[in-house]
Every structure is written in structure tokens, then in C-alpha cells.
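Take a look at the structure below.
Please treat every number below as a calculation from the coordinates, not as lab data. Quick caveat: nothing in here was measured; it's all calculated off a predicted structure. Glycine also receives a Cβ, built like all others from the backbone with ideal geometry; neighbour counts cover every protein chain displayed.
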There are 2 protein chains.
Amino acid sequence: MNGKLANRLSDPSLQSPAPTKSLADCTVAIAGLGLMGGSLGLALRGKAACVVGIARRAETVEQALAIGAIDAGASDLSAAGNADLIVLATPVSVILRQIDQIGVLAGQGALRDGVVLTDMGSTKAAICDAMARLPASVQPVGAHPMCGKETSGLDVAEGTLYRDAPFILCPLPRTEPWATSLVAELAETVGAYPLPLDPQHHDRLTAAISHAPYLASVAVFAAAADLASGDPVAWQLAASGFRSTTRLAGSDPVMMADILHSNRAAVLEHIDRLREQLDLMASLVAGDDSAALQAELARIQTQRQAFLDQYGS
Amino acid sequence: MNGKLANRLSDPSLQSPAPTKSLADCTVAIAGLGLMGGSLGLALRGKAACVVGIARRAETVEQALAIGAIDAGASDLSAAGNADLIVLATPVSVILRQIDQIGVLAGQGALRDGVVLTDMGSTKAAICDAMARLPASVQPVGAHPMCGKETSGLDVAEGTLYRDAPFILCPLPRTEPWATSLVAELAETVGAYPLPLDPQHHDRLTAAISHAPYLASVAVFAAAADLASGDPVAWQLAASGFRSTTRLAGSDPVMMADILHSNRAAVLEHIDRLREQLDLMASLVAGDDSAALQAELARIQTQRQAFLDQYGS
């Protein structure tokens, strides 16, 4: 318990329950046992008092039990009744629905008073807005670990998924610091580093480095497929560079459609930025100034190398 | 020597010299000792009578000799005087210049009569047009092995680079079949498979699966960099998907500017196709029909998976 926290706890105006537990003493409920939820369960093994996995399909729960990702399983959110920490690791549209369900359960007294609710959704503004409507007995902390794979599902889950990943935290203005600290402890426990960020800020940045690049990747594949539909030898010529550029187009379409619609404004704004850059490139290709084209390509190559040097390749 | 070839040789109207050698008996001159030329030299080790490397910089020649990529070295194209096969493995604009130099040397009688000239340039129409102007004593065969790396230079050359790669061959209407066969033998010797293609056809296809994807990759990076210039935390959030999508943006800008300008029309035509796809995606993101967005993303994901299943991932 840090000094700041002790100060808060001695404040008689403090309404929410005191933090009585560290993660090691917590029952953690994970709703959604795909790549993210399954990997979280594996990473938490032996580091939380109990991990309860919640998934709609009984086979998923059985598989999660079999690989040791969870200690107990259930098919319904009401199984989170004993949880100190609930993690929603479902697609964004499901998270939004589950936040409402959590609100109903809390209103019925079916959850622990002071339960901490977090999520792993890829957009944060819509989710934090929904969290703001929760009863005061729930401590909400929006979160987004910046890792993943282009494949999804429990089959590809691994306990090392979160290592060295930035784990964005979006506590709400009403969130108690101890609740944010518990989610930060969760992040650190699985090897990630907590990074607090405003939800709108998070959404603008992920539009630029994840959502719009995904759409570009889809468009690159679709444009080539358009040509190849009448000329399949095109595929024979596609080398590793084409596979890299279109790797993100292999992402789960249900998950991505969810993300794109829930981050619509920021994605569209960044798509405009992307179009401008593509137009600039096209005009340099159309022109005769080879030195200007070369200089612009070199400028961007150098910037990218600096990014790789600083942030890892 | 195949039957067709024997027939041609018995034809008294045949003007060009007979093919007297297989690759094992040939002196091969490689102009340009970067990734492509250096890897070719390494792959040809012990499989040609002699490999002469030609590079402007003496240090490059020395390095190529030291790693065993060439048997002898020189700084000037005139060193190809004894070659049975000349391979231009320089950037496209240099290849175009060197074809003219080859023409001058051939006109001076400074090259073997019936020397076969091929290249490894990434565009083929401009190069084959230039080859068409060569004297009859030169047998031209445009070529393009579809492999590479986003890094360049002799340092990253490797003898296995060409393995299993399609090796596009663009013989000219005037090219003797035995000359095309010699270049096909070269391709097979280094582990690639020869794939004859019309030069314009080659350029349309590579615009779609290589040149336009490169520009998209550059635009994705540049648009993110535009945002990150005022908000560098963006880079901290960039995960492996962003690195994949922008991998091609790390390609050598001098080489790429050359390729883009020499394949301008096909690249611009495909950029239009790419813009259309991006516009379609943006309109689906802007709309409220989540099922329609999901269906389109799923359709493209499925197509891409089929491509990977058929052509390797």
C-alpha cells in the first residue's frame, strides 16, 4: 500500500470500500476465453487466488480447464459473484453488452461491493462511456493490452502474450486509485507495463497504428484480388513483402468490424490522413522528378528505421 | 540439346551462333554485386565455369571475392568481354544505361558473338524495349526473379535467396530459343522456377502485388508518423501488426523510386484500384450496417486464407 493510498484511506469522506487484497488474494473472473482471455488465464496461473473462466460454449470452458488457463468455469456472468476483479476479454460489442449486465447484477447485489471491473477491448471511449453508467459499487478501469496475433481463439493462447506489451489503463474520474492500482498490478503480473491514457487519446492513436493500417492491409489485398480474379498468375508472383503488408487482413472480421464501428470517428479521420499520403505518393510517381520521389521515400524509410531503433523491430 | 533446338540448328537460314555451352561451361558476368547479384554469385558457386563480378566500388568487388561470390572481379562492363552470359543485377535505371553500354561494346566487337544478356530488374517493359535496340550479336532475355528482402546490399546476400522463387523470363520476339533456355537453366540452377511472361503483363502484375503495396506501406507509415510527430506516445502503442504492414516501407528508396518511375502507368492504375477499395472500406466504416462491414472483411479474409493455402504462407 503506497503513501497516497494510505492518505486516501484515512480520508473519512471515502465512500468506496477499502482495498483489502492484492492480486494474489483475489478471485479473478475472466469473461471470454479466446486469445486474450485464455492467455491472461495462463499468465495468471498461480498468481491469483482463483481464476474463474466464463464462456458461452461449454467446450471452450472445458478446453480452458484442460490447459490450466482457469481454475473453475461457467457459462454466465453471474458466476462472477465472488470475484474481486472481473476482466471482460470479449469483442467490443459484447463488452458493451456485458457492462450493462454487470450493472444489473450489481444493482441486484449479486456482485461483491467494490468489485473492480476492467476489460481488454481495442477501443476505449465507448467502453469507458458505458462504464461511467455503472453503479457506485463497481470500480471501473478501462484497459487495453497492446498485443495480439492475427489469429484468434483459445488454441493460440499463450502465457507469454503480454510480456513487454504496453497495457493501457483508462481509469474513470470516479475510479478509486486503489482500483486502478489493482489493474496495474494485473498488468505487471502478466509481464506488461501499465500506461495510463485518456480514452479518446487512446482511440486516436490506435486508429493510426492499428485500425487504419488494418484497413489499408485489407484494401491492398482486395485490390490485388480484384486484378487476380481475371489473372490468377498474379498470386504466383506474390512474395514475402505482399504477405507482410496484407498480414493484418487475416484478422478476425467479427472482432475488427466491432472495433472499426466503435472507433468510427477516429478511424475515418485517420483514413483521410492515409489518403493524403497515398495521393502525395501517387503525384510523385506521376511526376518526372525522380529525385523528389527518392527524397520522400528516403525520408520515410529513415523515420521508420529510427522508430525501429527506438522501439524494437 | 532438345529436338526443337536441333531442328533450328539444321536450318541454313539460322543467323545467330549455335549454343555451344551449357551453364557449367559458361563464363558468367554479373554486373552489380548487391543483394541480388551477390546472392546469384553465391548460388552459382561451382556451377558455372567462371563468375566475373563487376561493381563500381573496389571494396564491393573485394568483399564479393572474399565471400566466394565471384571468381574474378572488375569495375567496368568491358570486363564482360569473355562472358557467354551477362547478368545485369543493378537498379532499373542503371540497367537501362548498361544495356546501351552493352550495345556500344557489341558494336565495337568487344563482346562474344551470341552473348546472352539477361537482367534482374523489377520492371520489364522499359528494359525489354531497351533490349530490342541491341545489335543482333546479343541475345537478350529480360528476367526478374520474384524474391528479395527489404534490406539490400552484399552483406545480406545468401546463396539460398532464389530457392523456390518464380523466375520471370521475358524473351524478345527476336531472341533465339537456346538463349532463353540458357537463362532458364540459370534460374533452375539457383533453385528458382522459370515462368515466361509478357513484359507488360509482368509489369501490371508486379504493380499489384509489389509496387502499389510498397506505396501503401509507405503511406501507412507516413500517416502514422504525421500524427506521432505531435504525439510520440503513438509509437509506444505500435505492435507487431504495424511493423508487418509497414515492413516494405523499409525498402531501398533509390531502388524503389527507379522501379516506380519505370513502371509508372501500371502503378498509377493499380493505385486507383487501391483507392477504390479504401473508399469502399471507409464507406462501410462510416455506415451503420455492421453486418455489411463484417461480411466484406470476412470475404477478404477468406480469399487471403485461400491464397495462403494455395501458394504458401
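Here is how the numbers come out for the structure above:
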| quantity | calculated |
| --- | --- |
| Dimensions in Å of the range A:164-313 - Rg and Dmax from alpha carbons | 19.7, 61 |
| Enclosed volume per residue, in Å³, of the convex hull spanned by Cα atoms of the protein assembly as shown | 168 Å³ |
| Kirkwood Rh and Cα Rg combined as Rg/Rh, the range B:260-313 | 1.12 |
| Cα-Cα over 31 Å, subset of A:K149/B:K47; B:K47/B:K149; A:K47/B:K149 | A:K149/B:K47; A:K47/B:K149 |
| Calculated label separations, A:C50, copies of the chain, 7 Å along the beta-carbon direction, nm | 8.3 |
| FRET E, pair A:A132, A:S78, Förster distance 25 Å, beta-carbon r, rounded to 0.05 | 0.65 |
| Inter-copy spacing of B:S313 label points, which lie 7 Å from Cα along Cα→Cβ, given in nm from shortest upward | 2.5 |
| Gain in span if fully extended, A:V233 to A:A295, counting 0.36 nm per residue against the direct Cα distance | 19.0 nm |
| Inter-chain shielding of A:255-261 (mean C-beta neighbours from other protein chains, 10 Å cut-off) | 6 |
| Per-copy distances of the A:D289 label point, shortest first, in nm (7 angstrom along Cα→Cβ) | 4.3 |
| Share of Cα-Cα pairs in the range B:3-197 lying beyond 28 Å, as whole percent | 17 percent |
| Net lengthening on full extension, A:R57/A:R163 (0.36 nm per residue, minus Cα-Cα) | 35.3 nm |
| Modelled label reach - A:A306, point 7 Å along Cα→Cβ, the range B:215-245 residues with backbone N closer than 16 Å | B:221-236 |
| Mean Kyte hydropathy of -0.5 or more with a Cα span along the axis of at least 15 Å, helices from DSSP in chain B | B:92-107, B:177-189, B:212-228, B:264-286, B:290-311 |
